[in-house]
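Chemist: Take this structure first; my questions come after.
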Amino acid sequence: MSQARRPNVVMILTDDHAAHAVGAYGSVVNSTPRIDEIAAEGWRFDNCFATNSLCSPSRASIITGTYGHVNGVTTLETPIDASQPTFVSQLREAGYRTAIVGKWHMGDGEGHDPQGFDYWDVLIEQGEYHDPTFLSVDGLRTERGYATEIITDLALNWVEQLEPDVPWCVLIFHKAPHRPWQPDAKHAEMYSEPIPVPATFTDDYSTRTSSARRAAMRIAEHLNADDLKVDPPAGLDYEAEALWKYQRYMEDYLRCVASVDDNVGRVIDWLRERGDFDDTLLMYSSDQGFFLGDHGWFDKRFMYEESIRMPLLMSYPRAAAPGGVATGIVTNVDFARTILEAAGVPAHPRMQGRSFWSDVTNAVDGEPPAEGFYYRYWEHDDVFHKAPAHYGYRSSRYKLIYFYNDGLGLPGTGPFAYAGEWELYDLERDPDELHNVAHDPDYAEVFAEMQVKLSRAQADVGDAPHANQAAVTA
Ligand code: CA
């Protein structure tokens, strides 16, 4: 198919929207008919992963096309140097008009506010669901209404005032469905019927390292009053209360997703009305996945499947035939180079990852698929979630994780408070990751091979092992 004009780019990025709460991915807990339209008109990526399952780091990787140790955004406390090249700044240099509206969340103030955009209008840090405050070049202001609707309105309004015949790129970055899950009033009655409970809800973490047991992300114990909004009924036993909290949590989470779905629909309808749909690279993704009661948890951070798997749907009918499913491994670091290739704009030489644009166009000269990817969660001093730092490597079949357990920031602990610990999963035999086989003699060879692959992947992206790893791999 011909590519007569440069595509517009619309990236709709949500916060913490797990792929298993998207209809196109077979959700059993909700439906998302409007988001699913992008898959029907384009492509669904079944193995798209975050290289650090945390909000700010994933956003930085998405826009810069680099890993956290390169772009400097390794945790929530490491603001971005916003002068770095991004796919947006590359598009702008090539003549695109560019904008971001919504959640930036990579720091604010001098040097950290968005750069490379003709227009930016962003929430402060996590932002608010109701009557959100925005920061732009004109300073702070409050908008009345619901964030997901307002962000969509502002983005479309900006495009509509552009001069015709100039390509544009707009990032529509929602707060939803991030904690504390406050739905729009119009969705407040949805999902009040019992929501299916995942099979791993009562995971006892028996074969995992101490890391999983220490994490303060359990639905039964760690959702707070702001999360739940109402107190549990009196007299419930532990299991019944856990299920009550699960239902309460999921109702509000899915109601927030319902507004996202409506607003994705508004963007699609608007593109069609303008006659732009076929010539627009429209992407729907989320900065990472989320535990939806899987393993008894909410939140993300861990290198387990539900956390790292990102939904990624992408349409550009003029250039890519509809209805495709891509099963190769792609990551958030790959987005920048992929978008630039689709737009015919050179990537910045600093950008890492791999363009997967050829996967959807079947170009014969595309880069070969990745065998696996490197992951690192850096935030070892988060005393709130207590998910310790770790790194690992995931191939199509196996996943190796190393928890280096350095300086957990907990009372009475210091550097090397615990020895490093390994987990290994055979995703083919154990897709739910319930059986850590790192110390299973039958997997000794796989364990050794995966350690080599991890070291190689770590070195390839320019990262280095933690100081205490030598002691456990000797
Ligand atoms: Ca997030």
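The numbers here are math on the coordinates, done by the rules we state, and not lab data. Predicted, not measured: the structure shown is a model, and the values here were computed from it. Here the Cβ is made from the backbone with ideal geometry for all residues, glycine too, and neighbour counts use every protein chain on show.
Chemist: Taking the Cα centre of each part, how many Å lie between region 82-108 and region 344-378?
Modeler: What the calculation gives is 20 Å, centre to centre.
Chemist: Moving on. With each pseudo-label sitting 7 Å past Cα toward Cβ, what's the ALA216-ASP276 distance in nm, one decimal?
Modeler: Distance between the two pseudo-spin positions: 4.5 nm.
Chemist: Can you compute the charge dipole magnitude of the chain about its Cα centre, using +1 on each Lys and Arg Cβ and -1 on each Asp and Glu Cβ, nothing else charged? Give it in debye, rounded to the nearest 20. Walk me through the intermediate numbers first.
Modeler: Numbers: 39 positive and 73 negative charges, 142 e Å.
The calculation lands at about 680 debye.
Chemist: In deg cm²/dmol, rounded to 500, what helix-only [θ] at 222 nm does the chain give when every DSSP H run of at least 4 residues adds -39500 (n - 2.57) and the total is split over its residues?
Modeler: Numbers: 14 runs with 134 residues, N = 474.
For the chain, the value works out to -8000 deg cm²/dmol.
Chemist: Sorting LYS453, LYS103 on the 10 Å Cβ count, fewest up front, what's the list?
Modeler: Values: LYS453 18, LYS103 29.
So the ranking, lowest neighbour count to highest, is LYS453, LYS103.
Chemist: log₁₀ I(q)/I(0) of the chain at q = 0.10 Å⁻¹, via Debye over equal Cα point scatterers, no solvent, to two decimals?
Modeler: Taking Cα atoms of the chain as identical point scatterers yields -0.72.
Chemist: Listed highest first by mean packing, meaning other Cβ atoms within 10 Å per residue, what order do 234-241, 300-307, 153-160 come in? Spell out each step's value before the answer.
Modeler: Working: 234-241: 10.2, 300-307: 25.1, 153-160: 17.2.
The densest-packed peptide leads the list: 300-307, 153-160, 234-241.
Chemist: Which distance in nm do the two modelled labels at VAL166 and ALA240 give, with both placed 7 Å along the Cα-to-Cβ direction?
Modeler: Between VAL166 and ALA240, the label points sit 6.4 nm apart.
Chemist: Something else now. If the cut-off is 25 Å between C-alpha atoms, which lysines fall inside it for LYS186, apart from same-chain ones fewer than 8 positions away?
Modeler: Filter leaves LYS103, LYS175, LYS229, LYS245.
Chemist: Which shape class, rounded, prolate or oblate, goes with region 245-342 when its Cα gyration tensor gives a ≥ b ≥ c as root eigenvalues, a/c under 1.5 marks rounded, and past that a/b bigger than b/c marks prolate? Numbers along the way, then the final one.
Modeler: On the way: a/c = 3.00, a/b = 1.48, b/c = 2.02.
Judged from the Cα gyration tensor, region 245-342 comes out oblate (a/c at least 1.5, b/c at or above a/b).
Chemist: Could I have the simple spin-label model distance between ARG397 and SER206, label points 7 Å from Cα toward Cβ, reported in nm to one decimal?
Modeler: Between ARG397 and SER206, the simple spin-label model gives 2.7 nm.
Chemist: Which of the lysines could a cross-linker span from LYS453 if the Cα-Cα distance has to be under 22 Å and same-chain partners fewer than 8 positions apart are dropped?
Modeler: Within the straight-line cut-off, LYS453 pairs with LYS399.
Chemist: From the Cα gyration tensor of region 72-132, with a ≥ b ≥ c the square roots of its eigenvalues, which class applies: rounded if a/c is under 1.5, or else prolate if a/b is larger than b/c, or else oblate? Kindly include the intermediate steps, with their values, before the conclusion.
Modeler: Working: a/c = 2.57, a/b = 1.30, b/c = 1.97.
The shape class here is oblate.
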